[in-house]
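Quick notes on the structure that follows.
The values are calculated or read from the model by the stated rules, or taken from the named source; none is laboratory data. Everything numeric here is computed off the predicted structure, so don't read it as measured data. Cβ placement follows ideal geometry from the backbone for every residue including glycine, while neighbour counts extend to all protein chains displayed.
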Amino acid sequence: MDILGEILKQVIEGAAQQQAPQRQPQQRAPQAPQQRGPQGMPSPDDLSEIFKQIFGGGQAQKLPDVVKQFEEKGLRDEVDVSGVWERRDERTIRNEIGRQFACSENIDIQIGRVLEKLAAMGELDNTYVFYTADHGMAIGRHGLQGKQNLYQHTWRVPFIVKGPGIRPGSRVEGNIYLHDVLATMCDLTGVAAPESNEGTSFKEVLMGEKQAVRDTLYGVYNGGTKPGMRSVKKGDWKLIKYDVMEGAVRQTQLFNLKDNPHELLIEHHDSNVASLTGVRPEIRHVNLAGDPRYADKLKEMESLLLAEMRRYDDPWRLWDQPDDGLTPPPAGQAKASGAGKANMGNGANAGNRSGKKKKQNQPAAAGASGG
């Protein structure tokens with residue numbers, strides 16, 4: 001019996017019988033939800049915490065230089081949403097967060113219907129249910145709105161799994177790629193993974209036997225001008241490099257995520273920004289790439305990034321890396337797969353347990369989906 005097909009058929013038929021909700025206008029009054037929804041929707045206190053992470057509003061504008069690449073015509077997600085790209089006021093940001101919560105609540109309702117049907121069929125306790133997404137979203141953080149970046153708020157994705165042997169409510173870092181899901185599903189169900197599989201099973205993580213499946217995570221954003229952005233994360237340290245707009249923007253960022261989890265920059269220290277967000281960063285909460293005290297760590301992370309680019313056959317090199325004799329692919333003929341779960345709806349081509357290399361011109365699509 002095709003259990004999944006039967007569930008989806010009945011859910012779709014049920015949805016078709018329901019009256020479609022009237023579409024709400026994009027611009028709403030600047031107020032936070034007054035209570036939690038049935039599955040823990042955010043409270044005003046939750047929203048206040050979110051706003052503390054947001055750079056923007058009033059006089060605060062897009063961060064300089066680093067986001068010039070996002071002004072490339074037709075690149076950003078939000079360029080077609082009236083007012084969103086140009087404005088960073090509280091009303092706009094609250095509206096965008098409200099839209100996100102509305103989407104999340106509807107998804108929660110639909111997942112609930114699937115779980116209820118599984119229970120009614122007597123299959124709930126015998127089924128693994130995976131919930132995830134292909135990227136996060138900035139929604140005001142770092143002055144950005146969309147997904148085209150490699151900051152943690154966008155690079156990471158939600159990843160929730162329910163099923164036999166998984167302790168309810170448990171949470172781990174994971175360090176997985178979406179690319180690992182196929183290998184994991186095969187492992188859980190005793191099915192041999194296909195020959196083409198390059199992912200790593202994280203069954204041991206789900207069963208509470210390990211905290212993570214890898215130490216290093218590699219990220220790519222390659223949707224605009226080339227080479228684009230590259231990132232590598234290991235332990236508490238993360239490096240992001242930008243080489244975009246035909247060389248007009250070339251920057252390096254180094255963060256200690258344990259000390260600076262929101263990857264705050266010097267722009268967050270501006271008094272106008274602090275007065276709008278309520279956040280008063282510590283002096284050390286900045287990009288550390290230019291700090292001579294972290295020169296050795298920067299060199300280490302730069303070497304690690306290059307090693308990952310080589311390991312995944314990334315066809316591009318950044319401005320301060322050896323070219324390795326590579327000729328960049330002609331425009332439009334090859335592109336990186338996107339920053340796993342973070343960008344361009346990708347994240348399917350990363351992680352490699354066997355050590356097999358990816359085909360030329362197919363660099364890894366990486367990103368942490370722990371938590």
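Summary of values
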| read-out | value |
| --- | --- |
| Subset of region 128-140 [within 15 Å of residue 184 (Cβ to Cβ) and either among the aliphatic types (A, V, I, L, M) or without any contact (Cβ under 8 Å) to a residue 60 or more places away in the chain (or both)] | 129, 130, 131 |
| Residue match in region 240-249 (condition: surrounded by 14 or more Cβ atoms within 10 Å (Cβ to Cβ), within 30 Å of residue 161 (Cβ to Cβ) and modelled with pLDDT of 90 or more) | yes |
| All positions within region 166-210 that are surrounded by fewer than 17 Cβ atoms within 10 Å (Cβ to Cβ) and among the acidic types (Asp, Glu) | 173, 195, 204, 209 |
| Cβ-Cβ under 7 Å pairs, at least 6 apart or on other chains, region 195-208 side on the phi > 0 side of the Ramachandran plot, far side basic (Lys, Arg) | 208/167 |
| Among the candidates 257, 288, 265, residue that is modelled with pLDDT of 90 or more and within 20 Å of residue 175 (Cβ to Cβ) | 257 |
| Complete set of residues in region 287-302 that are part of a helix (DSSP H, G or I) and either at positive phi or of a type outside the set (Lys, Arg) (or both) | 292, 294, 295, 296, 298, 300, 301, 302 |
| Test: residue in region 148-157 that is assigned to a strand (DSSP E or B) and surrounded by 19 or more Cβ atoms within 10 Å (Cβ to Cβ) | no |
| Answer from 267, 263, 246 - the residue that is on the phi > 0 side of the Ramachandran plot, among the acidic types (Asp, Glu) and touching a helix residue (DSSP H, G or I) at 6+ places or on another chain (Cβ under 9 Å) | 263 |
| Some residue of region 212-221 being more than 30 Å from residue 287 (Cβ to Cβ) and more than 17 Å from the chain's Cα centre (by Cα) | no |
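Okay, residues lined up against (1) in contact with an Asp or Glu (Cβ under 8 Å, 6 or more places away or on another chain); (2) among the charged types (D, E, K, R); (3) under 26 Å from residue 300 (Cβ atoms):
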residue: 181; (1), (2), (3): no, no, no
residue: 193; (1), (2), (3): yes, no, no
residue: 201; (1), (2), (3): yes, no, no
residue: 206; (1), (2), (3): no, no, no
residue: 214; (1), (2), (3): no, yes, yes
residue: 217; (1), (2), (3): no, no, yes
residue: 234; (1), (2), (3): yes, yes, yes
residue: 253; (1), (2), (3): yes, no, yes
